[in-house]
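Heads up: the structure comes next, in structure tokens.
The values are calculated or read from the model by the stated rules, or taken from the named source; none is laboratory data. Everything quoted here is computed from the prediction, not taken from an experiment. Because the Cβ atoms are built from the backbone with ideal geometry, glycine has one as well, and the counts that use them run over all protein chains shown. Ligands, DNA and RNA are excluded from the accessible area calculation, which covers all protein heavy atoms including side chains. Shrake-Rupley method; radii C 1.70, N 1.55, O 1.52, S 1.80 Å.
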Amino acid sequence: MAEQRQITDDQLIERTLAGEGDAFGILVRRWERQIFGLALRVLGHEETARDVCQETFLSAFRNLSKFRGDAQFSSWLYRITLNQCNTHLRRTEAKANVSLDEQLESGAPEPASSAECADDAINREQMTKHLRRALAAIPVEMRQVIIMKEYEGLKFHEIAEILDLPVSTIKTRLYTGLTQLRRRLEHVRGSA
Amino acid sequence: MSNDMNNRNNRGCDKQEELVTYLYGEATPEASRQFETHIRECLTCARELREFSSLRETMQTWEMDTLPHIVIEPKRTFTMVFRELFTVTPIWAKALAGVAALLVFAALLNVEVSVGSVKIGAHLFGGRTAAAPVNGTEASISREEIDKIIQQRVSESEQRNKQEMFMKLASLKEDLSRNHADEIKEISANLKRDQQQQIRRIVNATIANNDLNFSRVFSDLGSSDKDDTKNK
């Protein structure tokens, strides 16, 4: 395992292209958590995220010979994931596009009861639920940036490279996204 | 983008980019100092920084507790399998395979390599039967000669087939005529037997119909013989 960690992504890619099937398996194990996390947070649905994760790695495998070493493998993988997510979102646009009014009516982040406040775990679970709903409700281009920044811990220039956009645009999207998210969660967080 | 503009206008401060850069710790030390100086004077930015920091804490509640097991089984191409096989095969096996491949190739081309008295070669499709040695020495046979040999073999085979066919036909004819004679004999014997039976039936029927009394007839015939004798 320690030996596997020492091998770089580029070396594993070379080995895969040389016909060593297990090399790609190591790449999958190395990146599956991040890719699944990104897909799950962008899509908000575990089964779909799992499908996207599978499709991402299969697509990466099929197109591995086209991968140019000028970008990081992870950036390339993230880009494939986001493209796959966008494809899924376009397919289910009607379902996925939840308006704020709709959310406030159905999602109804109710003030937490005193019993729930006493139980941190439940409170945390409730908060996660509201957070997921609020994230799903903001435009996908902002959601992607927030997730990549907050959960994947990517640098601004890395996100810019993945999305092929200027760094300033990424920062603006992050700021706007955070503002919208705060607005959607302020009554929940205020009561909690 | 219109949202961005609205936010920019509503805030009354254009330090959003600096704010998020500082918030996520990517500002240079100089930029950090400048922004820290700025938020001492700008209440809007100071408030947003607090709220965003709090929001980030909230976002950390969404942890990835479980990761579903993902199995990616890329379909291996023939080339990949071949390469993998080549990698794991020992050198002696590779050499053996190479020699075998050369032999097969030589056999396909009907090539024979001779070094002094040692001859190495292989033949597929019975290649040696056509190229029989002449007077104990290997001779190359031209295409015309091969064609001639083939034609000769074909005509011999045809001749042989014809003779066999004639013999079979003659034997068949003989069998047929013998069977025919036997059948004629049997039919004529049957006919004779039938005719005799028929005549016997007719005679019996005639006797029964005319109520002939053979004893009287014979006695009549006897008395008439006596009269004739007397008259004589």
Please give the charge dipole size of segment B:170-213, origin at the Cα centre, charges +1 on K and R Cβ atoms and -1 on D and E Cβ atoms. Round to the nearest 20 debye. 140 debye
Taking a threshold of 29 Å on the Cα-Cα distance, which of the pairs A:LYS129/A:LYS155; A:LYS66/A:LYS129; A:LYS129/B:LYS15; A:LYS149/B:LYS15 fall above it? A:LYS66/A:LYS129; A:LYS129/B:LYS15
Ranked by accessible surface with a 1.4 Å probe, highest first, in what order do B:ASP182, A:ASP22 come? A:ASP22, B:ASP182
Can you give the accessible area of A:ARG184 in Å² (nearest 10), computed on protein heavy atoms with a 1.4 Å probe? 30 Å²
Excluding ligands and nucleic acids, what accessible area in Å² is computed for A:THR8 using a 1.4 Å probe, to the nearest 10? 70 Å²
Go through A:ILE146, A:ILE26, B:ILE146 and list them by solvent-accessible area, largest first, probe radius 1.4 Å. B:ILE146, A:ILE26, A:ILE146
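Please say if segment A:17-96 is rounded, prolate or oblate, where rounded means a/c under 1.5 for a ≥ b ≥ c the square roots of the C-alpha gyration tensor eigenvalues, and otherwise the choice is prolate for a/b larger than b/c and oblate otherwise?
Working: a/c = 2.28, a/b = 1.87, b/c = 1.22.
The shape class here is prolate.
Mind giving me the FRET efficiency for A:ARG91 and A:GLU141? R0 is 22 Å, r the Cβ-Cβ distance, nearest 0.05 is fine. Present the calculation step by step, with values, prior to reporting the outcome.
Values: r = 18 Å, r/R0 = 0.80.
E(calc), rounded to 0.05, equals 0.80.
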How big a patch of accessible area, both sides summed and in Å² to the nearest 100, lies buried between B and A at a 1.4 Å probe? 4300 Å²
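Probe radius 1.4 Å, ligands and nucleic acids left out: which of A:LEU77, A:LEU163 has the largest accessible area, and how do the rest follow?
So, going from the largest accessible area down, we get A:LEU163, A:LEU77.
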Kindly tabulate the residues in segment B:22-65 with an accessible-area decrease of at least 50 Å² between the chain alone and the assembly of all protein chains, using a probe of 1.4 Å. B:TYR24, B:GLU26, B:PHE52, B:LEU55, B:THR58, B:MET59, B:THR61, B:TRP62, B:MET64
Please check segment A:36-66 for residues whose accessible area, probe 1.4 Å, is lower by 40 Å² or more when all protein chains are in place than in their chain alone. A:PHE36, A:ARG41, A:ARG50, A:GLN54, A:PHE61
